[in-house]
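First the structure, in the form of structure tokens, and then the observations on it.
What follows draws every value from the coordinates through simple rules; no lab data is involved. The structure displayed is predicted, hence computed values, not measured ones. Glycine gets a Cβ as well: all are built from the backbone with ideal geometry, and neighbour counts include every protein chain shown.
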Amino acid sequence: MSKPQPDPKVAAARLKKLSRLRPTLAIVLGSGFHHVLSELRVNAEVSYAKLPGFPPTGVSGHAGQLFIGHLGGTPVMVLSGRAHYYEGHPMTQVTFAVRALAAYGIRDLLLTNAAGGLNRSFHPGDFMMLTDHINLMGVNPLRGAPVPGLPRFVDLTCAYDKGLRSLLQAAGRACGTKLRVGTYLAVSGPSYETPAEIRAFARFGADAVGMSTVPETIVARQCGLKVAAVSCITNLAAGRSGKALSHAEVLETAERVKKLAAQVLKNFAKLYAQNQ
Ligand code: HPA
């Protein structure tokens, strides 16, 4: 007998008790984007450990903490820390928070991550807005029993919402930066890729490679959430720079551009409210 799965509605009910604010926008922070917390006017916060079904996090270096507050004057929910598939969590756990957000009433989801750049015109420290993705994680988060009331076969023709994408680009322009655009390819990790893999991925049409985001996007689309996503290009992908890849480089670049990353997210939140 498999264990009964936690119910996202239970976690959502806990979240509703936290604060009377009812944001419709949620932002998931990946490496490089946590500095935005210094811009957040926090109304309530809770550790993932107190939210039934939420994943234990830690490997990424950011304890799982969920905030409700105002960013640039806009009510938002911010998730600091995510469960990665490479940590060994099942996909149901990696994507549980997204189901809880949908049950809570979140309508729009902004996902952020760190990624390696394949596109030859990208530089470490650039930001890339996702226009599409390629799932090479070897699993699909919707595999398993169908979820009653939700589509079994989810359309991903326009996984990243055009309206939210325009806002994200405008948010970049408002802080004087032109976001790159491209296709994000997801691998399971945690090893980085080989140069041969990177050459193959470039032929597939990938512009950046990373180890997250895609499962959350797929589940969010099943739940009917609109999704936007942005990568911080923290390094050139394997074989593209002539030097070895390291997590230290990822963290160094993320640190260098953290203020810009925070401004992009803050501007996005402001523009989001103006367009409701
Ligand atoms: N590959 C995979 N994931 C990553 C990378 C990379 O080069 N950089 C940051 N996350």
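Tabulated results
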quantity	calculated
Average Cα contact separation per residue, the chain, under 8 Å, 6 or more apart, as relative contact order %	27 percent
Gap separating the Cα centres of the range 66-127 and the range 128-161, nearest whole Å	15 Å
Modelled FRET efficiency - R0 41 Å, residue 63 with residue 156, Cβ distances, 0.05 increments	0.85
Residues with amide H under 5 Å from that of residue 133, placed H, sequence gap 5 or more	184
DSSP beta bridges in the chain [antiparallel fraction, %, rounded to 5]	40 percent
Cleavage-rule hits (trypsin sites (Lys or Arg not before Pro)) in the range 211-276: DSSP loop, at most 13 neighbouring Cβ within 10 angstrom	243
Theoretical FRET efficiency, 1/(1+(r/R0)^6), r = Cβ-Cβ of residue 120 and residue 140, R0 41 Å, to 0.05	0.85
Of all DSSP beta bridges in the range 1-144, antiparallel share, percent nearest 5	60 percent
Over 31 Å between alpha carbons, listed pairs 16/178; 17/266; 226/259; 178/243	16/178
Cα gyration tensor shape for the range 44-154, rounded if a/c is under 1.5, else prolate or oblate	rounded
CD proxy at 222 nm, helix term only [per DSSP H run n ≥ 4: -39500 (n - 2.57); per residue of the chain; nearest 500]	-9000 deg cm²/dmol
